[in-house]
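Colleague: Just dropping this structure here.
Coordinate-derived values only; no laboratory data. The model shown is predicted, which means the values in this text are computed figures rather than measured ones. Glycine also receives a Cβ, built like all others from the backbone with ideal geometry; neighbour counts cover every protein chain displayed.
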Amino acid sequence: MCAQPRTLASGQRCQIWVHDTKTGDSFLILETRGLLLEAPNWTLDGQALIVNGDGGLWRLDLADPGLRSIALTGLPAINNDHVLDPDGQHIYVSTYDDWQIYRAPLAGGRARRVTGKDGPDGLLHFLHGVSPDGRQLAFVGVQADLTAGRLRMTSAEICTIGWDGQGFRQITRAGVPADGPEYSPNAEWIYFNTEVFSGHAQIARMRPDGAGLTRLTYSETVDWFPHLSPDGRMAVYLAYPNGTNGHPENLWVDLMLVHDEDWSNPAHAVRLFGGQGTINVNSWAPDSRRFSYVAYPTD
């Protein structure tokens, strides 16, 4: 787990793609060798993608692709865990250095820290979900040691907290890594990945209070980051090769597509060189037909 923004290796490119689930085609939106970009969010008006890179946020307008920095103040460098507020005007971001969650104006401006008022001391916060009504945040609460510029995780559990920073709640207690918690569009479930069933990451869901834990994928691949489409009819997740530990960068991975909650029969959507940063957060378009992802090919 990196403790600072990632950079491209020599000879490596960053590519932002959009995949059309109806046609099966992917379209290259932007390619750069100068900046490692991660984790697209799609704006609610469908006009732009929001990505992170070099510790900041960037807007990529789809009608005329080009990066524009979103100027934010009052917070440390931003990592690849960020989710739009359902109001469409704000974004929640996770940060390096203090490992907290902030709410910031999507157009730029001063950010407000959300976490750090309630919950265990020393907890690292990695945001992944915002409830449809905007009142609750779902995040990974991590205990870790910093060694040689990298974080060595000692525990990772799914937690929730109110948008005002009150009402901290830890909702998993399995003692095994869990990640990627995201609310379903109807707010009835939290989808996430966990190692509790098989010793390697599989997709699961549970009620927002932790009840009703259900395993969804039964695969040999290491499955991460389930993302539901806005209409709830599809989901995409990232499948690492068998034997992968954590969610590293620079591996051949697959994006798998689930239709109508049929998790037993996922369809292959995309094969790419990436992993970390590819789809860490929900990247579905408002039309529930397209999603965005990032690849990191090398020459």
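Colleague: Could you estimate the translational diffusion coefficient of segment 66-181 from the Stokes-Einstein equation, with Rh from the Kirkwood formula over C-alpha pairs, at 20 °C and 1.002 mPa s, in whole µm²/s? Spell out each step's value before the answer.
Modeller: Numbers: Rh = 14.5 Å.
After rounding, the answer is 148 µm²/s.
Colleague: Exposure proxy check: Leu28, Leu49 ranked by fewest other beta carbons within 10 Å?
Modeller: Ordered by Cβ neighbours within 10 Å, fewest first: Leu28, Leu49.
Colleague: Taking the square root of 5 times each eigenvalue of the Cα gyration tensor, what semi-axes in Å does the equivalent ellipsoid of segment 1-150 have, largest first?
Modeller: Semi-axis lengths for segment 1-150 are 26, 20, 14 Å.
Colleague: Segment 95-250: D in µm²/s via Stokes-Einstein (Kirkwood Rh, Cα pairs, 25 °C, 0.890 mPa s)? Walk me through the intermediate numbers first.
Modeller: On the way: Rh = 16.2 Å.
For these conditions, the coefficient is 151 µm²/s.
Colleague: Give me the Å³ per residue figure for the convex hull around the C-alpha atoms of segment 1-88.
Modeller: Dividing the Cα hull volume of segment 1-88 by its residue count gives 134 Å³.
Colleague: Okay, moving on. Please report the relative contact order for segment 14-295, taking Cα pairs under 8 Å with a sequence separation of at least 6, and give it as a percent rounded to a whole number.
Modeller: Worked out over segment 14-295, it gives 16 percent.
Colleague: Starting at 0 and stepping by 10 Å, how many percent of the alpha carbon pairs of segment 89-138 end up in each bin?
Modeller: Reading upward from the zero bin: 25, 56, 19, 0.
Colleague: Looking at the chain as a GNM with Cα springs under 10 Å, which of Leu72, Leu124, Leu57 has the largest mean-square fluctuation?
Modeller: Looking only at Leu72, Leu124, Leu57, the largest GNM fluctuation is found for Leu72.
Colleague: Taking a quarter of the surface of the convex hull around the Cα atoms of the chain, what do you get in nm²?
Modeller: In nm², the orientation-averaged hull projection of the chain is 14.0.
Colleague: Tell me the net charge near Leu228. Cut-off is 12 Å between Cβ atoms, Leu228 excluded, with +1 for each Lys or Arg and -1 for each Asp or Glu.
Modeller: My count for the surroundings of Leu228 gives -3.
Colleague: Could you work out how far the C-alpha centroid of segment 27-92 sits from that of segment 243-288, in angstrom?
Modeller: Comparing the Cα centres of segment 27-92 and segment 243-288, I get a distance of 19 Å.
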